[in-house]
Amino acid sequence: MTDHSATRRSLLAGAAALAGSAAFPRLALAQGAPIRIGTLTPLTGAGGPYGPVMVKAVKAVIDQVNAAGGVLGRKVELISEDDQTSPEAGVRAARKLIDVDKVSAILGTWASSVTTAVAPLCWESKTFLATVSGADSITALPHQGYLVRTQPTTTLQGKKFGEFAIAQGAKRVFFVSPQTPFAKSQFDNITAAVKAAGGDTASLIYDDKKPAYRTEIDEVLRFKPDAVVFGGYTPDTSVMLKDLYRADFKGTKIAFGYSVNQKLVESVPAEVVEKTYMISPSPAEGSKAYETLVKLIGVTSPDPYTTQIYDHINLVLMAIAIAGDASGTAIKDNIRKVSQAEGGARIDNAIDGLKAIAAKQAVNYDGASGPCDFTEIGDISDSKFRYEQVQGGKIALVKIA
Amino acid sequence: MLSYLIFTLTLCGIYALLALSLNLIWGGVGLVNLGLAGFFAVGAYASAIATGAGAPVVIGWGAALVVGAVVGLIVTFATLRLRDDYLAIVTLGFAEVIRLVALNERWLTNGSDGLPGIKAPLKAELGLQGFSLFYLGLVTLIVLLVWFLLRRLDLSAYGRAMKAIREDQQLAAFAGKPVLRFKLQAFAVSAAIAALSGALYAHFQSYISPDHFQPLITIYIFLAVTAGGVGRPSGAVFGAYLVVIFLEATRFATEWVPGLQPVQIAALREMMIGVALILVLHLRPQGIMPERIPKAPAPSAP
């Protein structure tokens with residue numbers, strides 16, 4: 001009997017030694033298993049132009065942090081999946097990230113439908129989700145805090161469009177848009193802003209695949225608007241602008257910055273698009289975080305989504321550090337401690353942030369997309385907007401406010 | 001890992017139902033239905049809207065079956081005079097119409113925001129893991145049941161008549177088979193199965209939106225039925241499991257390719273799927289489990 005227990009003891013000791021030796025080389029590098037972070041960006045499909053750069057930004061930050069010793073002495077590992085800009089494929093990819101890779105956080109879901117489909121998996125499995133989708137309904141989901149987004153809501157964007165139209169002296173504002181996740185909320189909030197100033201609004205939803213919009217323009221002009229707001233994307237908006245020009249419309253034209261872009265301005269006759277205003281959520285251009293990001297990924301003017309996902313990864317890594325724990329719940333409970341700690345040191349990258357956290361300093365991160373302060377339900381509380389105008393065939397900055 | 005496997009197998013089952021639906025109409029009466037995603041969507045929305053209005057989940061699934069069958073009948077009536085490629089184009093258009101209706105009729109479908117929070121049956125009672133297992137069991141059971149019924153159908157006189165219509169419509173009519181009635185019935189049953197599959201998907205994911213029902217799903221199912229073997233229910237089911245497992249396996253396979261950017265890996269995955277389709281069509285056009293055509297009985301002595 002004693003013999004038996006002795007063998008068992010020696011066996012245990014042997015096993016322990018074996019396990020110890022196996023763990024030792026890793027110990028020298030960084031303690032414990034790596035912290036896993038997933039990105040779920042569109043690499044193919046409609047969002048395909050955006051996803052690859054987004055992943056690049058996250059990878060660059062993680063490489064930098066690992067070179068500086070990791071987080072909590074652990075390496076950070078990036079697992080990238082493609083959501084194919086489809087909620088069906090997105091859910092499959094998210095399940096793999098959550099169940100197989102056991103990531104602490106998923107970053108960068110782009111299409112609103114993908115985010116809405118993936119969000120329940122995240123909160124049920126206590127995985128943190130940071131997104132760049134804009135649909136209002138997302139933060140209204142019962143996410144228990146496991147979700148934040150850096151894209152301003154449609155409510156905020158609509159309000160800005162309405163107020164800007166009023167500021168241009170418009171009283172009658174017409175909104176034209178294809179059916180998008182934000183068309184209705186955009187119009188409702190423009191209406192609220194315009195009605196508050198005593199004006200009136202009307203809207204028209206059109207099919208974005210049509211080659212001409214004569215009948216639509218007739219309907220627009222019947223309303224006798226002084227301002228027309230375009231809610232569409234580049235191809236349909238350029239056709240709309242042409243037909244509106246043919247109909248000799250003289251009022252104010254306002255569009256999204258992502259639809260009336262350099263490409264559109266170059267592709268239509270100058271007088272068609274002249275004097276059109278563009279409004280877009282502004283990255284914090286000129287801020288230190290923005291400059292760092294530009295240098296890090298070598299892209300001169302990164303799109304808003306890239307600046308946002310850059311902020312996601314910085315915030316998540318710092319939240320893990322301040323919590324001393326890499327679980328999704330720890331990130332959820334601590335993200336606001338690094339994004340908006342009162343009187344915290346102004347930090348613009350994870351490396352400095354991790355140092356400050358190690359020195360027990362409070363941290364307030366100001367990112368490349370903006371100040372990154374979150375409300376209770378996970379929306380950003382403040383965002384700057386960029387107002388531009390086409391002047392003489394060129395896009396000129398009017399103001400950032 | 002375990003929950004991922006359970007999830008994938010559940011999805012396999014849902015795809016298998018779609019494959020069975022396609023196999024019935026394509027392998028049975030020879031009508032090419034490129035509108036599968038549309039029927040899938042009809043079922044998902046029917047059940048989601050019914051249960052959203054307070055009906056129990058079982059009623060929702062029943063509603064999906066009925067609405068699916070009715071829509072199937074409407075589509076067949078609208079396409080009575082069309083065959084082959086022309087029918088395929090119209091059904092493709094039908095799926096797009098369904099998607100556009102779901103996108104624009106906000107009062108009914110909540111537009112592009114989609115319908116979140118669809119009831120997941122017994123989820124509260126069973127817990128997360130329990131629910132996943134229960135749903136896997138349920139879906140698998142339904143697949144087995146539908147497979148069994150369709151196999152019976154294939155072996156029956158009705159099934160033989162269907163295949164006679166597939167081979168030569170005129171000849172079948174000449175032999176006294178009511179071709180139109182067969183087509184209507186087969187299309188309605190096929191549409192109902194696809195709709196049921198959609199309803200199962202909706203309550204599994206608890207969220208649907210017009211973006212869910214892109215034509216890509218139809219392509220996957222065609223790949224499944226082609227790989228498995230057109231005209232044989234076992235082949236369709238096998239093909240569906242194969243396709244979903246292959247789709248998921250490409251995620252892990254690409255991890256072994258060194259030195260690629262994430263975007264290149266994503267492209268590589270799509271290429272692998274395309275290559276798989278070409279290989280199947282090239283090496284085994286009759287599918288892995290080809291249709292078994294029973295021998296004609298020996299002529300009796302005069």
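Quick rundown of the values:
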| item | result |
| --- | --- |
| Close pairs (6 angstrom Cβ cut-off, 6 or more residues apart or separate chains): outside the structural domain of A:T252 (by TED's automatic domain parsing) in segment A:177-203, of a type in the set (A, V, I, L, M, F, W, C) anywhere | none |
| Near pairs, Cβ below 9 angstrom, 6+ apart or cross-chain, from segment A:225-248 (farther than 19 Å from A:S267 by Cα and not assigned by TED's automatic domain parsing to the domain that holds A:S203) to any residue that is of a type in the set (D, E, K, R) and assigned to a helix (DSSP H, G or I) | none |
| A:G47 vs. criteria closer than 30 Å to A:A356 by Cα, buried (at least 22 other Cβ atoms within 10 Å of the Cβ) and more than 10 Å from every other protein chain (Cβ to nearest Cβ) | no |
| Some residue of segment B:128-143 being small (G, A, S), surrounded by fewer than 19 Cβ atoms within 10 Å (Cβ to Cβ) and either in contact (Cβ under 8 Å) with a residue 24 or more places away in the chain or closer than 29 Å to B:V57 by Cα (or both) | yes |
| Qualifying residue in segment A:108-116 (condition: under 22 Å from B:F131 (Cβ atoms), within 8 Å of chain B (Cβ to nearest Cβ) and surrounded by 22 or more Cβ atoms within 10 Å (Cβ to Cβ)) | yes |
| Selection count, segment A:362-395, where residues are part of a strand (DSSP E or B) and modelled with pLDDT of 90 or more | 9 |
| Failed item, numbered, when A:K250 is tested on (1) surrounded by 19 or more Cβ atoms within 10 Å (Cβ to Cβ); (2) closer than 28 Å to A:I400 by Cα; (3) not hydroxyl-bearing (S, T, Y) | (1) |
| Residue satisfying condition, being under 30 Å from B:A55 (Cα atoms), out of contact with any strand residue (DSSP E or B) (no Cβ under 7 Å at 6 or more places or on another chain) and in a helix (DSSP H, G or I), within set B:L108, B:L171, B:L180 | B:L108 |
| The one condition in (1) at the interface with another protein chain (Cβ under 9 Å from one of its Cβ atoms); (2) surrounded by fewer than 24 Cβ atoms within 10 Å (Cβ to Cβ); (3) of a type outside the set (S, T, Y) that A:Q168 fails to fulfil | (1) |
| Hey, B:G114 within 14 Å of chain A (Cβ to nearest Cβ) and either surrounded by 21 or more Cβ atoms within 10 Å (Cβ to Cβ) or among the acidic types (D, E) (or both) or not | yes |
| Filtered residue count, segment A:164-220, keeping only those that are touching a strand residue (DSSP E or B) at 6+ places or on another chain (Cβ under 7 Å), modelled with pLDDT of 90 or more and among the acidic types (D, E) | 3 |
| Residue within segment A:169-182 that is assigned to a helix (DSSP H, G or I) and in contact with a Gly (Cβ under 7 Å, 6 or more places away or on another chain) present | no |
| Selection from segment B:253-292 of residues that are among the basic types (K, R) and more than 10 Å from chain A (Cβ to nearest Cβ) | B:R284, B:R292 |
| Matching residues in segment A:117-150 - criterion: being among the hydrophobic types (A, V, I, L, M, F, W, C), farther than 29 Å from B:G130 by Cβ and more than 9 Å from chain B (Cβ to nearest Cβ) | A:A130, A:V132, A:V148 |
| Lone qualifier among A:Y213, A:Y233 - being hydroxyl-bearing (S, T, Y) and surrounded by fewer than 22 Cβ atoms within 10 Å (Cβ to Cβ) | A:Y233 |
| A:A94 away from every other protein chain (no Cβ under 13 Å), modelled with pLDDT of 95 or more and closer than 26 Å to A:W123 by Cβ | no |
| Residues within segment A:101-121 that are under 17 Å from the mean Cα position of the chain (by Cα) and not aliphatic (A, V, I, L, M), tallied | 7 |
| Hits in segment A:339-361 - residues which are assigned to a helix (DSSP H, G or I), of a type outside the set (D, E, K, R) and farther than 15 Å from A:R149 by Cα | A:A350, A:I351, A:G353, A:L354, A:A356, A:I357, A:A358 |
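The values are calculated or read from the model by the stated rules, or taken from the named source; none is laboratory data. Small disclaimer: the values here were computed from a predicted structure and weren't measured. Here the Cβ is made from the backbone with ideal geometry for all residues, glycine too, and neighbour counts use every protein chain on show.
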